[in-house]
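Comments concern the structure below.
The values are calculated or read from the model by the stated rules, or taken from the named source; none is laboratory data. All values derive from a computational prediction rather than experimental measurement. Because the Cβ atoms are built from the backbone with ideal geometry, glycine has one as well, and the counts that use them run over all protein chains shown.
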Amino acid sequence: MTVSFWKHHPISDQHGQQLAQEAIDFQNKFQFDFLKLTPAGDWLAVCYGAKDEVWENDAVGRRKITEFALEEVKDFYQLQAFTFQEQLLAEIIQALEICCREVTVPVYATIFCPLSQLIQIAGLELFLKAAQTEPEAILAALDVINQNTIRVIERAAEIGVKGLYYVSQNMQTDLLSHVLYQQYGQLSDELCLRSAAKVLDSIIFHIHGNDCYACIASDIPKLYLHCTFNPKSSLLFEKTGYPIIYGLPASILEQATNEQECHEILEKFPTNTIFTCECVLPLAFPDEQIELWNKVIRSL
């Protein structure tokens, strides 16, 4: 079983060299089996003009979008192809390049799926309005985002990235219906994931949230699903046929104070091919507990 954990690096996540150095320092401290670079979750939305606030002590290091890039449905038609001169895009590419050069384990790039990017760019309210009044506007926007996302994945592969951590935030019943995701998100995901499978060694598809559904194309190569263990939604994911990584919540991970307690926790959760957290570790999660879990998993 392989093991890796990751954290956000607020403030540094706006600067390629600083983000890379923090990620490398974290990797060097624990010697994980792969390094996942963790930029701000909205980093691609910012490249389209969304604005976020300075990190203000969020426990896991997240930034909040304060201004959407799109104000009206007609704006969905105005998205442009990336030039790769976008400031934050250049910073994250630089961070990935440094990580690939400085560590010996595979590096994974974190990229949000096109539908999640669009909702970050427009806001859920405007997206739902477009879905009701002008669905072709959503398709036009997604066409641009799909192609940009694929180009970013290909660029990452060119500089040595080996894996993709691909995130869907909206495959949750309280955010978006299964019908809407199937209508607008599934094809975009398939295009991006199949493109990624051609140039990368591994894909971890992170389904974010607790009450999620399965809306995933079949037979995508090299794909693992990553989700929180939930008896209801986990059964749906298992029916997709993809191997599943059940990430443990930090609240569970932090309960263990010795190796025996780690083993007792492991007995209650499905076995994983990759052992990690459910999404991202809190900034204050203790190093000694990371080391404890790292030691236990490597002894299995």
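Does Ile92 qualify as being of a type in the set (A, V, I, L, M), part of a helix (DSSP H, G or I) and closer than 20 Å to His206 by Cα? Against the criterion (of a type in the set (A, V, I, L, M), part of a helix (DSSP H, G or I) and closer than 20 Å to His206 by Cα), Ile92 qualifies. When restricted to residues that are within 16 Å of the chain's Cα centre (by Cα) and within 30 Å of Ile297 (Cα to Cα), segment 20-57 contains 9. Within the set Leu70, Leu88, the sole residue that is in contact with a Cys (Cβ under 7 Å, 6 or more places away or on another chain) and modelled with pLDDT of 95 or more turns out to be Leu88. Whether a residue is touching a residue at least 60 places away in the same chain (Cβ under 8 Å) and out of contact with any strand residue (DSSP E or B) (no Cβ under 6 Å at 6 or more places or on another chain) was assessed, and Ser188 passes this test. As a summary of the residue check, Leu292 satisfies the conditions (1) part of a helix (DSSP H, G or I); (2) modelled with pLDDT of 95 or more; (3) surrounded by 20 or more Cβ atoms within 10 Å (Cβ to Cβ) except for the one numbered (3).
Taken together, Cys279, Cys227, Cys215 contain a single residue that is under 27 Å from Gln183 (Cβ atoms) and touching a residue at least 60 places away in the same chain (Cβ under 8 Å), which is Cys279. Taken together, the residues in segment 30-56 that are within 16 Å of Thr276 (Cα to Cα) and part of a helix (DSSP H, G or I) amount to 1. With respect to Ile121, is the statement that it is under 22 Å from Ile207 (Cα atoms) and among the β-branched types (Val, Ile, Thr) true? Yes. Remark: pairs (first residue in segment 60-88, hydroxyl-bearing (Ser, Thr, Tyr); second residue surrounded by fewer than 18 Cβ atoms within 10 Å (Cβ to Cβ) and assigned to a loop (DSSP other than H, G, I, E, B); Cβ separation under 8 Å; 6+ apart in sequence or on different chains) = Thr66/Glu53.
Figure legend. Inter-residue proximity from segment 40-55: first residues closer than 15 Å to Ser12 by Cβ, second residues of a type outside the set (Ser, Thr, Tyr) and assigned to a helix (DSSP H, G or I), beta-carbon distance below 6 Å, spacing 6+ or different chains. Indicated pairs: Ala40/Asp13; Trp43/Leu88; Trp43/Ile92.
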